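Participant: To start, I am sharing the structure in question, which I have written as structure tokens.
The values are calculated or read from the model by the stated rules, or taken from the named source; none is laboratory data. Keep in mind that what you see is a predicted model, and the values were worked out from it rather than measured. Virtual Cβ from ideal backbone geometry, glycine too; neighbours counted across all protein chains shown. The area values use the complete protein model at the heavy-atom level, side chains included, leaving out ligands, DNA and RNA. Shrake-Rupley method; radii C 1.70, N 1.55, O 1.52, S 1.80 Å.
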Amino acid sequence: MTSRNKGKGKSAELSWVDRITEAPARIAILCVAVLIISVSGGILIGKLFGPEAHKPELQVVSALAAPVEVEKAAAKPGVFVPESPYAYNDYPVVSRTEEVPLQIAALPIEPEAAEPIKLDPAIEALTTEKLSTEVPAWKRYAALAPPLQDKPLIAIVIDDVGLSHRRVEELNALPALMTLAFLPYAPSLQGKVELTRQEGNEVMLHLPMEPTSSEADPGPDALLTGLGLEELRERTIRNLDSFSGYVGVNNHMGSRFTADSEAMAVVMDIMAERGLLFLDSKTTSASAGFRLAVERGMPSVKRDIFIDHVIEDEAILKQLAKVEVIAERAGVAIAIGHPHPETIRVLKKWLPEAKKKGFLFVPVSAVTALTFKG
């Protein structure tokens, strides 16, 4: 047998494994093939059994449960937007690239707070009623007056307040303690009243009453001499209930009504029950208001001068000069003005000068306390 035939016979005698292992190139090809098959098999198994296989089903369920597409707010590049339902907060703006270490602090365990003791409603009502009857409104809502120090006193009262919020703010910005008398039919009253009291000023109710002139309109729910007693009581109560936090009442107009003793007596009886003081604006010399208030044991005072019956700067300054004279002579003066721009402008200049002269500005309640025995 030739050598060629011998080689062929030898190759035929070898198994397929031996033939592959005899050649290195064949071994390399085999390894690559096995690797490719393994990778392909792994990817196929992952697709079939991995978590992503259920994603389409979950999306279908979510779409059926809540078919609302939520649009995410676009954030500025590199700025962290906290996931919060509130548009305004005090959170610092943190960059995504900035590392913020997580800090965990041990919080002390506080003992459970004891449950507050609840009073019986009947007892609580009696306690509240007792407190309200012991402290009358003219004291309970009085503005804090400065020490008197034997100085001449001036109480500035501004009537017709409440129709303009801007005027209320301007009056409360004046550089002295004021008393503001609010009309009961003004809009958004309680908020303006609370603003006034927070600024340290005093509040009164400016009660609309019938004037002598038929051309003058005192406003809705005004007290009129032609009303029956029941209607008069109802109107009075409605006006007095229009807001809270006031020390007392003065009359808006009322030159006819305040001169009617019988009608005024009905009003004063209701005011006395509520513990209010009365400032007689004296729109007529025939007013019975002050006398009826004194007869009922109410703290009461009378107006000395109007400062802006002529609405001009020079005229207002002349009236304020008269206020100074009255205060120096009598020890106290009560002046009434109105929320005109001219009045506010003049008061803003005059008040600091009057203080330098030694005048002390006080609320109306402080003036009534000087003479009231109770």
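Participant: Of everything in region 227-254, what is in contact with an Asp or Glu (Cβ under 8 Å, 6 or more places away or on another chain) and either surrounded by fewer than 16 Cβ atoms within 10 Å (Cβ to Cβ) or under 23 Å from Val364 (Cα atoms) (or both)? Give them in sequence order.
Facilitator: The answer is Arg238, Asn239, Gly245, Val247, Asn250, Asn251, His252, Met253, Gly254.
Participant: Confirm whether Glu328 is charged (D, E, K, R) and either closer than 30 Å to Gly275 by Cβ or free of Cβ contacts under 8 Å to residues at least 40 places away in the same chain (or both).
Facilitator: Judged against the criteria, Glu328 is not a match.
Participant: Here are the criteria: (1) free of Cβ contacts under 8 Å to residues at least 60 places away in the same chain; (2) open to solvent by 80 Å² or more (accessible area, probe 1.4 Å). Tell me which single one Lys151 does not satisfy.
Facilitator: In the conditions (1) free of Cβ contacts under 8 Å to residues at least 60 places away in the same chain; (2) open to solvent by 80 Å² or more (accessible area, probe 1.4 Å), Lys151 misses (1) alone.
Participant: So which of Glu210, Glu134 ends up being open to solvent by 70 Å² or more (accessible area, probe 1.4 Å) and not aliphatic (A, V, I, L, M)?
Facilitator: After ruling out the rest, the residue left standing is Glu134.
Participant: I've got another one for you. For region 206-243, how many residues are of a type outside the set (Ser, Thr, Tyr), touching a strand residue (DSSP E or B) at 6+ places or on another chain (Cβ under 9 Å) and under 11 Å from Val267 (Cβ atoms)?
Facilitator: Residues meeting the conditions: 7.
Participant: Can I ask one more? Select from region 158-171 the residues that are more than 21 Å from Thr236 (Cβ to Cβ) and in contact with a helix residue (DSSP H, G or I) (Cβ under 8 Å, 6 or more places away or on another chain) and list them in ascending order.
Facilitator: Quick first cut of region 158-171, residues more than 21 Å from Thr236 (Cβ to Cβ) only: 158, 163-171.
Passing the criteria: Ile158, His165, Arg167, Val168, Glu169, Glu170, Leu171.
Participant: Would region 189-197 turn up any residue that is open to solvent by less than 50 Å² (accessible area, probe 1.4 Å) and basic (Lys, Arg)?
Facilitator: yes
Participant: While we're here: Please go through region 172-188 and give me each residue that is within 19 Å of Ile237 (Cα to Cα), surrounded by fewer than 24 Cβ atoms within 10 Å (Cβ to Cβ), in contact with an Asp or Glu (Cβ under 8 Å, 6 or more places away or on another chain) and among the hydrophobic types (A, V, I, L, M, F, W, C), ordered by number.
Facilitator: The one that is within 19 Å of Ile237 (Cα to Cα), surrounded by fewer than 24 Cβ atoms within 10 Å (Cβ to Cβ), in contact with an Asp or Glu (Cβ under 8 Å, 6 or more places away or on another chain) and among the hydrophobic types (A, V, I, L, M, F, W, C): Leu183.
Participant: So Thr196 passes all but one of these: (1) without any contact (Cβ under 8 Å) to a residue 60 or more places away in the chain; (2) of a type in the set (Val, Ile, Thr); (3) in contact with an Asp or Glu (Cβ under 7 Å, 6 or more places away or on another chain). Which condition number does it fail?
Facilitator: Result: Thr196 passes all but (3).
Participant: List the strands (runs of 3 or more DSSP E) that sit entirely inside region 257-374 and contain at least 1 residues that are in contact with a Gly (Cβ under 9 Å, 6 or more places away or on another chain), open to solvent by 10 Å² or more (accessible area, probe 1.4 Å) and modelled with pLDDT of 95 or more.
Facilitator: 300-302
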